[in-house]
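What follows is one structure encoded as structure tokens, with my remarks underneath.
The values are calculated or read from the model by the stated rules, or taken from the named source; none is laboratory data. Because the structure is predicted, anything quoted here is derived from the model rather than measured. Backbone-built Cβ (ideal geometry, glycine too); neighbour counts: all protein chains shown. Each accessible area value is taken on the protein alone, full model and side chains, heavy atoms only, with ligands, DNA and RNA left out. Shrake-Rupley method; radii C 1.70, N 1.55, O 1.52, S 1.80 Å.
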Amino acid sequence: MTKKRDTVRPDSADADRVLKRLDGAVNTGNLVRIHRSIRGAEKIEGFVVATTPAWTLMAPCSDIQLDGWAAVRTADIVKVRRKGDKTCLTIRALHRRGQWPVLMPGHTLPLDTLPALAEAAHRAFGLVALHAERHVTGACWIGAVTEVRTKSVRLREIDPRACWHDEVTKFPGKDITRIDFGGRYVRILDEFAGPRTDA
């Protein structure tokens, strides 16, 4: 991987304030945008559906459409900015479609540890996208989780043609900053991918 990018860590008072804002976003169902301490990392707009001191689960939303799930490290979040309440167009449109309030997925997703989260996301949704944004921003690795250990996740990657890689890639757990699953692009890859040779 490339050289690690700079991060700006919040102090304890800021961290407490962020946790309160996250809890508030869960309780109100407001549309929010989260900013993280990782330089160059994407700001995620959507709905916070669950949060723990370890991981926070969001339902990303763009162009008034929900797009799967994104779990990010709670410690990396430095700002939670409200973008709209129930009077905003996005929430009104989602509510009319029966998609708001946004609830937890209908699967158990433990947010206390990375190994449990990665395994549960793979089991419930198939392919996952791993991000290591302290090393590379704007990129992710998509594939099937083949093995989870205390300090690493192994992924059988799939390319943009929906073809499986021959080798399994090992990702140190400390490098993983975000896990996406259930989104439109990942679902399409999953639809067109053939069976894995190791499955």
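On the beta carbon distance between Ala162 and Thr28, with R0 = 41 Å, the FRET formula returns roughly 0.60.
As a test of the formula, what do you get for the chain when each DSSP H run with n ≥ 4 contributes -39,500 (n - 2.57) and the sum is divided by the residue count, at 222 nm and rounded to the nearest 500 deg cm²/dmol?
Working: 4 runs with 46 residues, N = 199.
Using -39500 (n - 2.57) per qualifying helix, the result is -7000 deg cm²/dmol.
Of Leu103, Leu89, Leu22, the residue with the largest accessible area leads and the full order is Leu103, Leu89, Leu22 (1.4 Å probe).
What does the convex hull of the Cα atoms come to per residue for the range 12-60, in Å³?
Values: hull volume 3.6 nm³, N = 49.
It comes to 73 Å³ per residue, whole-number rounded.
Under conditions of 20 °C and 1.002 mPa s, the chain yields 123 µm² s⁻¹ as its translational diffusion coefficient, taking Rh as the Kirkwood radius over Cα pairs in the Stokes-Einstein equation. Note on Thr146 and Thr169: the model spin-label points, each 7 Å out from Cα along the C-beta direction, lie 1.3 nm apart.
Round to a whole angstrom and tell me the spacing of the C-alpha centers of the range 153-173 and the range 15-53. If we compute the Cα centre of each part, the gap is 29 Å.
So, with a 1.4 angstrom probe, what is the percent of accessible area on the chain that is carbon and sulfur?
On the way: 5270 of 10700 Å².
Of the solvent-accessible surface of the chain, carbon and sulfur hold 49 percent.
Phi angles of the range 132-141 translate, via the Karplus equation with coefficients 6.51, -1.76, 1.60 and θ = phi - 60°, into HN-Hα couplings of 10, 6, 6, 9, 9, 9, x, 9, 8, 10 Hz per residue; Gly and Pro are given as x.
GNM remark for the chain: springs join alpha carbons under 10 Å apart, and the peak mean-square fluctuation among Arg82, Arg184, Arg156 falls on Arg184.
Scanning the chain for helices, which whole DSSP H stretches are 20 Å or more long along the axis (Cα) and average -1.0 or more by Kyte-Doolittle?
Working: long enough: 12-28 (24 Å, -0.44).
Membrane-span-like by this criterion, though nothing is claimed about a membrane: 12-28.
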